[in-house]
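Here's the structure we're looking at; comments come further down.
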Amino acid sequence: MSAELFVTQSQVTPILVQNLTRRFGAFTAVDDVSFSVQAGEVFGWLGPNGAGKTTTIRMLLGLIKPSSGSAFVSGFNSATQTKLVHAHVGYMSQQFTLYNDLTAMQNIRFYGGVHGLSSDELRQRISEIIQMAGLVGRENTLTGSLSGGWKQRLALGCAIVHHPKVVFLDEPTAGVDPISRRQFWELIYQMAKDGVTVLVTTHYMDEAELCQRVGFISAGRLVALDSVSQLKLTQMRGQVLEINVSDPEKAVRILKAAQQSHQVPLDEVALYGAQIHAVVPDAQEYNDAIQRLLTQDNIRVNSIEWIAPTLEDVFISSVKARVDAN
Amino acid sequence: MQFDFQRLGALMRKETIQILRDRRFIMLFLGLTFVQLFVYSYAASRTVYHLPMAVVDQSQDPTSRSFVQALVNSQYFDATMYLDDQSQAKQAIDKSQVKAALIIPPHFAASVDQHSANFLMLLDGSDQFAVRSGYSAAGLVAQNFGLQMSAESVALTGAMPSLSDSLPINTSTQILYNPDLNDKWFVIPGIIGMILQTLAIEQAAIFLVRDREWGTMEQILATPVRQLELILSKMIPLSILCLLAFGISVGLGIFWFGVPFHGNLFLYFWLALLFLASCLGLGLVISTRATTQFEAETSSMIFMLFGLLLTGLFYPRTGMPLIPQLIGDIAPLTYFIRISRGIYMKGVGLSFVWGDALILVIYTLIVVGISSKTFKMRLD
């Protein structure tokens, strides 16, 4: 009997990761990562492609073994009590893999069946999930012919058909239109309100801002872990100037050259749509210097403004800080 | 971590829906059964009829003419040209104008009366089936005529040894089980095994790899589904399809090709099921190695080739060098062909085929053992 059984369900940390490491040969995909997620929390697990996001989730699900460290889900050890973990979690893998040659209803029935739902429960869940996914009237449509947003909500429905207390969503909104994305996040919040713990990975920083807490992972290392507002306060080195100019691309080239020659102490220069974000140690101090630099080269500066950093600014800054530290 | 019938039921229901929805797959599956049965059994006919034959009749008497007529009447030969001597006949074979040449020495009728008649049959050794058919046909006709035959194969392949120096020995042969040496009788019981092996190995491998390729495997692995449930849910529907193909091939073998079934159908069915299990297990082993359906298909092709060439289906294993024989031993068909021919053609019981049946049991245990170790319910 493991000690976990003596702890009541409410006290168990839904997701607990301790010094988790996974190496593939010489490559370290996940490097000594530790964090925990509390009940009812929406936790964003962020990072660029290949940073180790999916590998972390797969270790949490016991689908791959950690090289060292451990992961616990609902108090069960992912590596040794894998099937107990599976009975208690919902998982939506990348590209929301449903069976395209089954109908919407058949997909729900299948996942309900493998989770051991009784036929009464199944009937109820099918109608709830069809409702939730907005598939009323399309119950018998082949899943392959449904559009992205429907498929995505159906995949979520299948993942939570057995009312899991912990849900892992791996890039659930990739390749889905903005309206469907918003609807999907409403579903995530609904789940969290019902006490479900959600770990979600995403590329979209606007979605990341919707998470209560986020973890940044870069090249396998956890580089930042906090609430979004705290991260913006603590993780940001310098201040962000948002610059509107006549020729943004040329302006970026000029600023990058200035960064290289240390003419202006620029931490980061990047194009955000038509605007430029420049990170400097002090916004007021370097405002004029930047403006001068650009007008010298016949670029008209429409506006230059000190703004609050976006999560993306914070993310880039944290990754850079980690790289500089090494 | 116990087996759960409800989960197995849910998985099997899903597989069944998928199979039934995929009409093309069912057509292909059953179509392959028909095509293999018909193509192999007709293409495997190795008896060659109506060989074009040159005749050098140096006797020109009624007996020699009736002997030529007897050869033509046998349907094995057509007398297409009449020549003057042996060297012309040889040239005709060299030029591929004929496949055989009959040389009848002078005073044939008199020799026949004295029971010391001789004739020479030249055969094109570059065409082994022609040689074999021609050789045995000429021998049979000659036997009826009470003649001693000398055969010589022309061309450089030398498939047939020259018999011109051999002693006049009277051989008398009796062929059991298949007195007319009908090729189909010999081939059908083997092809039934071949069809079963091809379908089972290939589809077992593909069925499991398919989910991996679609990415749905990862999703299933993250549910409480156990390894045995997952594998059985794919193998049971597939077995039913394979048994359907088996039934069709046995039915066609008996009723269409007219190959009489001499054994116990019940025993035949159970041993076919055992053979099927060994093939599915082999497919499972392949599926654990392959990551795409294409890879799985290509790997199973190897066993199809083994099946065609090394298991004794068309080419006798007794004539093979050791290495090809050992490679042939890897294919479960090698054992089932002996069982199939034994039960189907000879009508023998378990007491005669138990050795091969035992090997199949051990074979099945080994492949299932390997696949249960290598078929990971994990992604790494």
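The values are calculated or read from the model by the stated rules, or taken from the named source; none is laboratory data. On a predicted model such as this, the values are computed, not experimentally measured, just so you know. Here Cβ is always computed from backbone atoms with ideal geometry, including for glycine, and neighbour counts include all displayed protein chains.
A:Trp306 meets all of the listed conditions (1) in contact with a Gly (Cβ under 6 Å, 6 or more places away or on another chain); (2) farther than 25 Å from A:Gly215 by Cα but one, namely (1).
Here is a yes/no grid of residues against (1) out of contact with any helix residue (DSSP H, G or I) (no Cβ under 9 Å at 6 or more places or on another chain); (2) touching a residue at least 24 places away in the same chain (Cβ under 8 Å):
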position	(1), (2)
A:Gly238	no, yes
A:Pro248	yes, yes
A:His262	yes, no
A:Val269	no, no
A:Gln275	no, yes
A:Ala278	no, yes
A:Glu285	yes, no
A:Leu294	no, yes
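A:Gly90 passes every criterion in (1) crowded, with 18+ Cβ neighbours inside 10 Å; (2) within 14 Å of chain B (Cβ to nearest Cβ); (3) without any contact (Cβ under 8 Å) to a residue 60 or more places away in the chain; (4) not hydroxyl-bearing (Ser, Thr, Tyr) apart from (3). Going through (1) away from chain A (no Cβ under 14 Å); (2) of a type in the set (A, V, I, L, M); (3) in contact with an Asp or Glu (Cβ under 6 Å, 6 or more places away or on another chain) one by one, B:Leu83 falls short only on (3). Within segment B:246-262, the set of residues being touching a Phe, Trp or Tyr at 6+ places or on another chain (Cβ under 7 Å) and either buried (at least 22 other Cβ atoms within 10 Å of the Cβ) or on the phi > 0 side of the Ramachandran plot (or both) comprises B:Val259 only.
Okay, residues lined up against (1) in contact with a Ser or Thr (Cβ under 9 Å, 6 or more places away or on another chain); (2) under 30 Å from B:Leu228 (Cβ atoms):
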site	(1), (2)
B:Ile286	yes, yes
B:Glu295	no, yes
B:Leu310	yes, no
B:Tyr315	no, no
B:Gly328	yes, no
B:Pro332	yes, yes
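When B:Asp211 is tested against (1) in contact (Cβ under 8 Å) with a residue 40 or more places away in the chain; (2) within 14 Å of another protein chain (Cβ to nearest Cβ), just one condition goes unmet, and that condition is (1).
Against the test of being away from chain A (no Cβ under 14 Å) and modelled with pLDDT of 90 or more, the options B:Thr374, B:Thr364 yield a single qualifying residue, B:Thr364.
For the subset of segment A:71-83 comprising residues that are surrounded by 20 or more Cβ atoms within 10 Å (Cβ to Cβ) and assigned to a strand (DSSP E or B), which member is farthest from the other protein chains (Cβ to nearest Cβ)? This residue is A:Phe72. Filtering segment B:18-38 to residues that are within 14 Å of another protein chain (Cβ to nearest Cβ), surrounded by fewer than 13 Cβ atoms within 10 Å (Cβ to Cβ) and aliphatic (A, V, I, L, M) leaves only B:Leu20. Taken over segment B:334-365, the residue count meeting the criterion of being free of Cβ contacts under 8 Å to residues at least 60 places away in the same chain and loosely packed, with under 15 Cβ neighbours inside 10 Å is 6.
In the set (1) more than 29 Å from the chain's Cα centre (by Cα); (2) more than 7 Å from every other protein chain (Cβ to nearest Cβ); (3) farther than 14 Å from A:His162 by Cβ, the condition left unmet by A:Asp101 is number (2).
Return the total of residues in segment A:51-70 being more than 14 Å from chain B (Cβ to nearest Cβ) and over 13 Å from the mean Cα position of the chain (by Cα). So the count comes out to 3.
Hey, any hits in segment A:112-130 for a residue that's over 21 Å from A:Phe168 (Cα atoms), touching a helix residue (DSSP H, G or I) at 6+ places or on another chain (Cβ under 6 Å), in contact (Cβ under 8 Å) with a residue 40 or more places away in the chain and within 9 Å of chain B (Cβ to nearest Cβ)? No, segment A:112-130 contains no residue that is over 21 Å from A:Phe168 (Cα atoms), touching a helix residue (DSSP H, G or I) at 6+ places or on another chain (Cβ under 6 Å), in contact (Cβ under 8 Å) with a residue 40 or more places away in the chain and within 9 Å of chain B (Cβ to nearest Cβ).
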